[in-house]
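*Asks:* Take this structure first; my questions come after.
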Amino acid sequence: MTVLRRLLFFVVGLFLALPLIVVAGVSINQRQTLAFPPQGFSLAWYGQIFTNPEWRNALVASLALAATSALLALLIALPLAWFLWRRLAPWANIFQLLGVAPFTLPPVITALGLLTFWATTGLYGQAWTAAISHGIFFVTLPLVTLSLGFSAIDRSLVEAAATMGADDRTIFRTVVLPLILPYIVSGYAFAFVLSLNEYIVAYMTVGFTMETLPIKIFNALRYGYTPTMASVTVLFLVIAAVVFGLVARLGDLPKLLGALSEDK
Amino acid sequence: MRREPPQRLGDYGPLFFPAGMLTLFFVVPFATMIAVSFFQREQGGFYTPAFVLDNYARFLSLFFGKVLGFSLFLAVAVAIACVAVGVPFTYLLARSARKTQIAWLVALLSILSLSEVMIGFAWSTLFSRTAGITNLFVWLGLMSQAQALTPSFGAVMTAMTYQAFPYTVLVLYPALVRLDPTLAEAARTLGASPVKAFFTVVVPALRNTILATLIMVFIFALGSYLLPQLLGRPQHWTLSVLITDQAIYQSNMPFAAAMAVFLVLVSLALVGLAVYAGRQKEAK
Amino acid sequence: MSGLILEHVTKQFGTFTAVNDVNLSVADGSFVCLLGPSGCGKTTLMRMIAGLDLPTGGSIRLSGADITQVPTHKRDLGMVFQSLALFPHLTVGENIAYSLRIRGADKDAQKKRVDELLAMIHLPGFADRSVSKLSGGQRQRVAIARALAISPKLFLLDEPLSALDAKLREAMQVELRQLQQRLGITTIVVTHDQREAMTMADTVVVMNGGEIRQAAAPVDIYRRPADSFVADFIGQTNLLPFETDSAGRAAVLGTSIEGFAPFAGPAKGMLSVRPEDVQLVPAGNGSIPAQVTFVRDLGGTIETFVEAGGQQVIAVSSPRNRPEVHVGQTVGIKLDPATSVVLSK
């Protein structure tokens, strides 16, 4: 079993790593050629992301979009998840369903729906419509983590706080919020990272007026190759790994992804 | 704390913002899209309110049938490939040390979140003539000359499997972590080898989970739109690509919307099936 | 009116009646145990006293004030939960200070009170520890200290010791009772463990099927059970059917017993006889004939199982009066009317 496990893990690991290794390799080529193994060594293509105005603008746009849309997703998900946990209202589950739907259906559907909507309302192309679009599209992520977080709270903690004199508001502030905080952070992190990488919704809503990094790479791909694409890919991979690594450190990642908690 | 039904209007307070946002920016756009799918297309990218079935009637063309057939075939192939490797992989992962699990989960999440554009770019690099894997084969003496492996069906299939594999593992993970480890152990004490125990006990016990996962991955693969464009030829385009193409480049919103509605119906039917399969599992 | 008074308290969940028409008065400073099998309504009754559930009928008064509809957080109680419900994100000291903090007590006063309480529960210097690092018994004490921080009028404990192992539980029972007596605080404990109830309570309230079956001092509950449920639930007992004839002579297990006439006139009923009150004697001489079926020597006590009139009867004796019997032997049973309790049902 151990040999088998090692073999399978190795093959899967190789399959997952190979394209990334090559991308990392071409990102440090000295000249603007697509070559692997890399010829020479240069970090200039990483510098490009921050010095070339086009790439830098795309990076800034991506970060701004990710930060605001993840916040919006959280602001939608937190009260909804809290309400569903606190109250007995089976009909309200319809909103849970609505929150999960955009992420379950093929993304092109949400993208097209939002495109027709923004076009019909005459708001098409405004930068903030992308933030709302992504906020709705990624509401699933904080909603799922928060629902899990709430269900992990022992309800007798809330009752205990009430017997000690805390009203609903105080209980939320002093008990519920501190306990749910790791789930808020991870929900935000998931939405942030996925928004950073999202292409089609952003493209369909603001693709002609604003360039996020994925849109920029796609557009650049059509005119040929530049190693900056590779350096951006590596940068995004590192951001994702760092964020998820932090989530794992902060909270219980296996539990967040559905395993039973370790101490049970 | 006993959960109680909301008593006063104030109790509904927390629901206002989420419900309003989801209704305004998901339900309404969705309804708009459905409405547009019945609209009359005008020349020059505009459309006028109407109730025509022309956009749906276009499904009956041979071209559309081919695209739909290919999309479904591609998604099925990707789903089977992912689940075939994903089940044993996730099973072994769920039984690994906690640290190992966390490291893999972080890696899988990172790849899952990686933009489709970047995955497409990475594979087009790996399959390129100048920086690709064939250079390694040449160096090993397996090939005489490096060559480009894209555009091709194999490239599309490989990259989509790459994209869907982390998703597969994460969908399977909860069920496999919760799987009673004594199940396989019992089979071992009855004389089954580990591999035999996996196929005779673990796989049958997970039949419904596997079925549900197949459907989930299938839907996930249906949503792929960039990889067929970046790594395939036009005959490898999927319904998602076609929808984007019609909406953006052909400026035929009503037809794009009709196709999207169709895709929704297919997806919803499959999600329903997946949920049903999941229920069966719980009922057992 | 002082103390806690429950009048006609009823709680229905849909069509299910969890607590039915409960009347109970708890004197200030007394220790009451709500005892019964699971599902008897004892926890629901306590939750209504705490305000965590609202009664569907009846009223609850505390120190003269009607608190039936008062929200939990305005009742000034202290409660220990079965799960203990210690806040995992707070330290031991912060847990104990919680009720003071949300009432806006200043930092020094909080600290002083926490130190006082930690000394009381024999855990001085534990204020900065994480609750997850505590042992079961320590967590238990912290939960008690936390509930007592504001010196509440009413101290409620829901199965507080159920998570502890047997030895620790017994020690904690004694400790809890001593603490309660020292503080003189009105205390209500929910438990399914009759030894626990007998150890701690001034008054044991036995519940079944959502109703109070008997509320009395432990020794009275044991010696004078109100019905066969209480007799059977509290300790071990032999429930023996008896009949009286028109002359008022009683026959137990088919043998008439001298000097035992609970009713004038014909009647049927049950007799509750504790195993230690069953005397084994040589057969004949007016005793009830019985056959020994099993002898269990537990060292400290010897239990003799006999069959009489088609029913199993258990007699318990101490090693000092070890009955010299063996399985299959025919013996006689003697019942003492003074220690036998007549039950109508």
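*Asks:* Just the residues that are touching a helix residue (DSSP H, G or I) at 6+ places or on another chain (Cβ under 7 Å), part of a helix (DSSP H, G or I) and either basic (K, R) or closer than 18 Å to C:F31 by Cβ (or both), please, taken from the stretch C:121-143.
*Replies:* Across the stretch C:121-143, the qualifying residues are C:R139, C:Q140.
*Asks:* Examine the stretch C:70-84 for a residue that is aliphatic (A, V, I, L, M), in contact with a helix residue (DSSP H, G or I) (Cβ under 7 Å, 6 or more places away or on another chain) and not in a strand (DSSP E or B), and state whether such a residue exists.
*Replies:* Yes, because at least one residue in the stretch C:70-84 is aliphatic (A, V, I, L, M), in contact with a helix residue (DSSP H, G or I) (Cβ under 7 Å, 6 or more places away or on another chain) and not in a strand (DSSP E or B).
*Asks:* Starting from residues that are crowded, with 22+ Cβ neighbours inside 10 Å, more than 7 Å from chain B (Cβ to nearest Cβ) and within 19 Å of the chain's Cα centre (by Cα), keep the ones in the stretch A:102-127 and report whichever is nearest to A:L146 (Cα to Cα).
*Replies:* My answer is A:T110.
*Asks:* Quick one: in the stretch C:82-95, of everything that is under 28 Å from the mean Cα position of the chain (by Cα) and at negative phi, which residue is nearest to the other protein chains (Cβ to nearest Cβ)?
*Replies:* C:S83
*Asks:* Checking A:R5 against (1) farther than 30 Å from B:F198 by Cα; (2) surrounded by 12 or more Cβ atoms within 10 Å (Cβ to Cβ), which test does it fail?
*Replies:* If we test A:R5 against (1) farther than 30 Å from B:F198 by Cα; (2) surrounded by 12 or more Cβ atoms within 10 Å (Cβ to Cβ), just (1) comes out false.
*Asks:* For the stretch C:195-274, list the strands (runs of 3 or more DSSP E) that sit wholly inside it and hold at least 3 residues that are surrounded by 19 or more Cβ atoms within 10 Å (Cβ to Cβ), modelled with pLDDT of 85 or more and under 26 Å from the mean Cα position of the chain (by Cα); which are they?
*Replies:* By residue number, C:203-208, C:211-216, C:267-273.
*Asks:* Inside the stretch C:33-46, can you point out the residues that are surrounded by fewer than 23 Cβ atoms within 10 Å (Cβ to Cβ) and within 14 Å of C:F155 (Cα to Cα)?
*Replies:* C:M46 - this is the single residue of the stretch C:33-46 that is surrounded by fewer than 23 Cβ atoms within 10 Å (Cβ to Cβ) and within 14 Å of C:F155 (Cα to Cα).
A quick yes/no check of all residues on (1) modelled with pLDDT of 90 or more; (2) on the phi > 0 side of the Ramachandran plot; (3) of a type in the set (F, W, Y):
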| residue | (1), (2), (3) |
| --- | --- |
| B:R8 | no, no, no |
| B:L22 | yes, no, no |
| B:V27 | yes, no, no |
| B:S37 | no, no, no |
| B:F51 | no, no, yes |
| B:L62 | no, no, no |
| B:V83 | yes, no, no |
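*Asks:* Show me the helices (runs of 4 or more DSSP H) entirely contained within the stretch A:1-114 in which 1 or more residues are closer than 30 Å to B:S251 by Cβ, in contact (Cβ under 8 Å) with a residue 12 or more places away in the chain and not aliphatic (A, V, I, L, M).
*Replies:* Fully inside the stretch A:1-114 and qualifying: A:53-86, A:93-104.
*Asks:* Restricting attention to the stretch A:36-88, report how many residues are buried (at least 17 other Cβ atoms within 10 Å of the Cβ) and closer than 27 Å to A:G149 by Cβ.
*Replies:* Of the residues in that region, 20 qualify.
*Asks:* Right, another one. Tell me which residues, restricted to the stretch B:219-254, are more than 10 Å from chain A (Cβ to nearest Cβ) and either surrounded by 24 or more Cβ atoms within 10 Å (Cβ to Cβ) or outside any helix (DSSP H, G or I) (or both).
*Replies:* B:L227, B:P228, B:L231, B:G232, B:R233, B:W237, B:Q250, B:S251, B:N252
*Asks:* Right, another one. Residues in the stretch C:165-177: is at least one out of contact with any helix residue (DSSP H, G or I) (no Cβ under 6 Å at 6 or more places or on another chain), at pLDDT below 90 and not in a helix (DSSP H, G or I)?
*Replies:* Yes, because at least one residue in the stretch C:165-177 is out of contact with any helix residue (DSSP H, G or I) (no Cβ under 6 Å at 6 or more places or on another chain), at pLDDT below 90 and not in a helix (DSSP H, G or I).
*Asks:* Sticking with this one: So which of A:F15, A:F50, A:F103, A:F36 is closer than 30 Å to B:R95 by Cα, modelled with pLDDT under 90 and among the hydrophobic types (A, V, I, L, M, F, W, C)?
*Replies:* A:F103
*Asks:* I'm trying to understand the selection: among the residues of the stretch C:307-339, which are surrounded by 13 or more Cβ atoms within 10 Å (Cβ to Cβ), more than 14 Å from C:D277 (Cα to Cα) and of a type in the set (V, I, T)?
*Replies:* C:V325, C:T330, C:V331
*Asks:* Right, here's the next one. What number of residues in the stretch B:39-80 are out of contact with any Leu (no Cβ under 7 Å at 6 or more places or on another chain) and either among the polar types (S, T, N, Q) or part of a loop (DSSP other than H, G, I, E, B) (or both)?
*Replies:* Residues meeting the conditions: 15.
*Asks:* Could you pull out the residue among B:T134, B:T90 that is within 25 Å of B:L226 (Cα to Cα) and more than 7 Å from every other protein chain (Cβ to nearest Cβ)?
*Replies:* B:T134
*Asks:* Separate question: What pairs come up if the first residue lies in the stretch C:93-106 and is not assigned by TED's automatic domain parsing to the domain that holds C:A119, the second is among the small types (G, A, S) and modelled with pLDDT of 95 or more, and their beta carbons are under 8 Å apart, counting only those six or more places apart or on different chains?
*Replies:* Close Cβ pairs (under 8 Å, with a partner that is among the small types (G, A, S) and modelled with pLDDT of 95 or more) do not exist here.
*Asks:* Further question on the same structure: What number goes with the only condition from (1) touching a helix residue (DSSP H, G or I) at 6+ places or on another chain (Cβ under 8 Å); (2) modelled with pLDDT of 80 or more; (3) closer than 26 Å to B:T100 by Cα that B:A184 does not pass?
*Replies:* Going through (1) touching a helix residue (DSSP H, G or I) at 6+ places or on another chain (Cβ under 8 Å); (2) modelled with pLDDT of 80 or more; (3) closer than 26 Å to B:T100 by Cα one by one, B:A184 breaks only (2).
The values are calculated or read from the model by the stated rules, or taken from the named source; none is laboratory data. These numbers come from a predicted model, not from an experiment. Ideal geometry is used to build each Cβ from the backbone, glycine not excepted, and the neighbour counts take in all protein chains shown.
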